[in-house]
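*Asks:* Handing you a structure now.
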Amino acid sequence: MTDRRVVAHVLRRLTFGPTAAEVDAAARDGLPATVDRLLAPASVEPPALGPDPMASLAKGASREDRQKARQAATKQATDALAWWVGQMAAHGGVATEKLTFFWHGHWATSVQKVRSAGLMLGQQKTLRRYGLSTTGPLVRAMLRDPALILWLDGQKNTRKAPNENLAREVMELFTLGVGNYTEDDVKAAARVLTGWVVDRAAGAGHLDAKRHATAPVTLLGHTGPLDLDGFADLLVRHPAHVPFLAARVWLRYGSTSQPAPAALTAAGNDVTAMLRALALDPAFPQTAGHLVKQPVEWLVGAVRQLGVDPAKGRKQILAGLRALGQVPFRPPSVGGWPAGEAWLTTAAAQARLRTGQALVGLAPAVVQQLAESGAADRLDALAHVLAVDAWTDRTAAVLTPAAKDPRRLLAIALATPEYTVH
């Protein structure tokens, strides 16, 4: 790879759809400076949506009042989704936005069960606040997170009737991985997490002492009294935690077919250090073409590169996410969304083509830019706009007949393997 291809590859992996100007700047600044800039902390405050409609319902509310509350909650959820997609598009040129989406898929929580967009945005605030640091503060905060507590039935977990759902998933899916804990650990962890309940009106979780078990436990090699923070510390100090986290980061940022390089685990549980090690690893450019873009990556990247105004294109963008099968705040399960070839179905290809056509209709400036390029240079100009290194001969043979129509050319290009796989 040339130096430009190296920085373009890093930008494609760490950010959402780098623009031509961002690739030009990265090539000019060099890889180390670019990585430093991408990993700089970014402060973002999710919007306030107002009172939780479901929490505001009085006891014995009428069917009409309940229906109005559900409609209001649905509107809040749609507004929260539109805000986040707009945030990804406006600020997707730094690592924070894509990392927040990574953490959302990792600590997968759905508004469909939580039934509160405000709580989902509160969780995102936590992911943004702690996501770039060491994982200890993040794990402690997430175990207290009201959206996660509701999602994994933590509010049903009492000393008289322990519920193991949250305890199991935090070890299996969030911190350690399968095979690194026992069923006795699950039972003990469930007791440590008893008593945590959610105040929907306040948007917060708190410990109800009457529901909390205080007896000593034996958990992950520790015997004695243990609270939530002590449990979190055991998780992040466990020898399986860093390799598990490195594998998850590598799956989403590196490759689904090659093992994570040693540099990732050597970075410890510092997420910024792990992403820096990944981006600067000499072998990282060799993973080009190993990852299929998730629909959110594909769509937000296209919005950014085409210069689409997310507010003006809100209807088309949200419809595109639904058609493509990946809607933020609505993962299909606690395991999050799939990776890799699961997104390469015939139906998905058709949805990308339709969505691409809708987005191109909102991008007159880029269409005009292509129209003004010479016929002989149009495919190169297209690759420059979409941050594609090069077209294969097979793809070029498909694109060439469409080159006379810049709108059609752009829509087809967004569905090509070179754009869909990166």
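Just so you know, all these numbers are worked out from the coordinates, no wet-lab data involved. This one's a predicted model, so the numbers in the text were calculated from it and none came from an experiment. Here Cβ is always computed from backbone atoms with ideal geometry, including for glycine, and neighbour counts include all displayed protein chains.
*Asks:* Return GLU64, GLU169 ranked ascending by Cβ neighbour count within 10 Å, so the fewest neighbours appear first. Let's see the in-between values first.
*Replies:* Working: GLU64 8, GLU169 20.
Ranked by crowding around the Cβ, least crowded first: GLU64, GLU169.
*Asks:* Using alpha-carbon pairs under 8 Å, 6+ residues apart, how would you state the relative contact order of region 253-316 in percent?
*Replies:* Relative contact order here is 31 percent.
*Asks:* Highest mean first, how do 153-162, 355-364, 215-224 rank when packing is the count of other Cβ atoms within 10 Å averaged over residues?
*Replies:* Details: 153-162: 16.7, 355-364: 19.7, 215-224: 14.5.
So the peptides 153-162, 355-364, 215-224, ranked by packing, come out 355-364, 153-162, 215-224.
*Asks:* Let me ask something else. Work out the length of the dipole vector of region 1-57 about its Cα centre, built from +1 on the beta-carbon of each Lys and Arg and -1 on the beta-carbon of each Asp and Glu, and round it to the nearest 20 debye. Walk me through the numbers before you get to the answer.
*Replies:* Numbers: 6 positive and 7 negative charges, 66 e Å.
Charge dipole, region 1-57, about its Cα centre: 320 debye, nearest 20.
*Asks:* Can you spot the aspartates and glutamates whose alpha carbon is less than 12 Å from LYS59's alpha carbon? Ignore those fewer than 8 places along the same chain.
*Replies:* none
*Asks:* Find, to one decimal place in angstroms, the Kirkwood hydrodynamic radius of region 123-168, where the mean of 1/r is taken over every pair of different Cα atoms and then inverted.
*Replies:* Numbers: mean 1/r = 0.0881 Å⁻¹.
When all Cα pairs of region 123-168 are included, the Kirkwood radius is 11.4 Å.
*Asks:* Also, I was wondering about something else. Mind checking which of THR19, THR182, ALA73 is farthest towards the positive end of the chain's charge dipole, using Cβ charges of +1 (Lys, Arg) and -1 (Asp, Glu) about the Cα centre?
*Replies:* The residue sitting farthest along the positive end of the dipole is ALA73.
*Asks:* Starting from the 7 Å offset along Cα-to-Cβ, what nm value, one decimal, do you get for the label separation of ALA371 and ALA311?
*Replies:* With each label placed 7 Å out from Cα toward Cβ, I get 2.6 nm.
*Asks:* For region 63-237, count the residues as N, evaluate 2.2 N^0.38 Å, and divide the Cα radius of gyration by that value, please. If you can, show how the numbers build up before the last one.
*Replies:* Values: Rg = 17.2 Å, N = 175, 2.2 N^0.38 = 15.7 Å.
Ratio of Cα Rg to 2.2 N^0.38 Å: 1.10.
*Asks:* With 27 Å as the limit, write out which pairs from LYS98/LYS187; LYS187/LYS293; LYS187/LYS210; LYS98/LYS404; LYS68/LYS210 have Cα-Cα distances beyond it, or answer none. Don't skip to the end; give the middle numbers.
*Replies:* Working: LYS98/LYS187 35 Å; LYS187/LYS293 38 Å; LYS187/LYS210 19 Å; LYS98/LYS404 35 Å; LYS68/LYS210 35 Å.
The pairs that break the limit, which is 27 Å between Cα atoms, are LYS98/LYS187; LYS187/LYS293; LYS98/LYS404; LYS68/LYS210.
*Asks:* Over region 335-415, what is the mean sequence separation of C-alpha contacts under 8 Å (at least six apart), divided by residue count, expressed as relative contact order in percent?
*Replies:* Details: 49 pairs, mean separation 33.7, N = 81.
Once divided by the residue count of region 335-415, the mean separation gives 42 percent.
*Asks:* What order, most packed first, do the peptides 136-145, 367-376 have when packing is the mean number of other Cβ atoms within 10 Å of each residue? Intermediate values should be presented prior to the final figure.
*Replies:* Working: 136-145: 20.5, 367-376: 13.3.
Packing order, densest peptide first, comes out as 136-145, 367-376.
*Asks:* Among 409-421, 49-61, what's the highest-first ranking by average C-beta atoms within 10 angstrom per residue?
*Replies:* 409-421, 49-61
*Asks:* Among LEU299, ALA342, GLN258, whose Cα sits farthest toward the positive end of the charge dipole of region 245-345 (+1 at Cβ of Lys/Arg, -1 at Cβ of Asp/Glu, about the Cα centre)?
*Replies:* LEU299
*Asks:* Can you compute the charge dipole magnitude of region 107-238 about its Cα centre, using +1 on each Lys and Arg Cβ and -1 on each Asp and Glu Cβ, nothing else charged? Give it in debye, rounded to the nearest 20.
*Replies:* Details: 17 positive and 13 negative charges, 97 e Å.
For region 107-238, the charge dipole is close to 460 debye.
*Asks:* Averaging sequence separations of C-alpha pairs under 8 Å and six or more residues apart, then dividing by the length of the chain, give the relative contact order as a whole percent.
*Replies:* Once normalised by length, the contact order is 18 percent.
*Asks:* Also: At q = 0.20, 0.30, 0.34 Å⁻¹, what log₁₀ I(q)/I(0) does a Debye calculation on the Cα points of region 234-277 give, no solvent, two decimals?
*Replies:* Reported log10 I(q)/I(0), two decimals: -0.54, -1.10, -1.29.
*Asks:* At 222 nm, what value in deg cm²/dmol follows for the chain if DSSP H runs of at least 4 each add -39500 (n - 2.57) and the sum is divided by all its residues, to the nearest 500? Numbers along the way, then the final one.
*Replies:* Values: 23 runs with 231 residues, N = 422.
Mean residue ellipticity at 222 nm (helix-derived): -16000 deg cm²/dmol.
*Asks:* Further question on the same structure: Please list the three semi-axes, largest first and in whole Å, of the ellipsoid equivalent to region 94-152, using sqrt of 5 times the eigenvalues of its alpha carbon gyration tensor. Intermediate values should be presented prior to the final figure.
*Replies:* Numbers: eigenvalues 67, 33, 15 Å².
The equivalent ellipsoid of region 94-152 has semi-axes of 18, 13, 9 Å.
*Asks:* About the Cα centre of the chain, what is the dipole size in debye to 20, counting +1 per Lys and Arg Cβ and -1 per Asp and Glu Cβ, all else neutral?
*Replies:* Working: 47 positive and 36 negative charges, 279 e Å.
Around 1340 debye, computed over the chain.
*Asks:* Given just the C-alpha atoms of region 210-356, how large is their convex hull per residue in cubic angstrom? Show your work: numbers first, answer last.
*Replies:* Details: hull volume 26.3 nm³, N = 147.
Roughly 179 Å³ of hull volume per residue.
*Asks:* Round to a whole angstrom and tell me the spacing of the C-alpha centers of region 309-339 and region 32-109.
*Replies:* 12
*Asks:* When averaged across all projection directions, what area in nm² does the alpha-carbon convex hull of the chain cover?
*Replies:* 21.6
*Asks:* I've got another one for you. Quick check on region 295-420: what are the equivalent-ellipsoid semi-axes from the Cα gyration tensor, as sqrt(5λ), descending, whole Å?
*Replies:* Values: eigenvalues 138, 57, 24 Å².
Its equivalent ellipsoid spans semi-axes of 26, 17, 11 Å.
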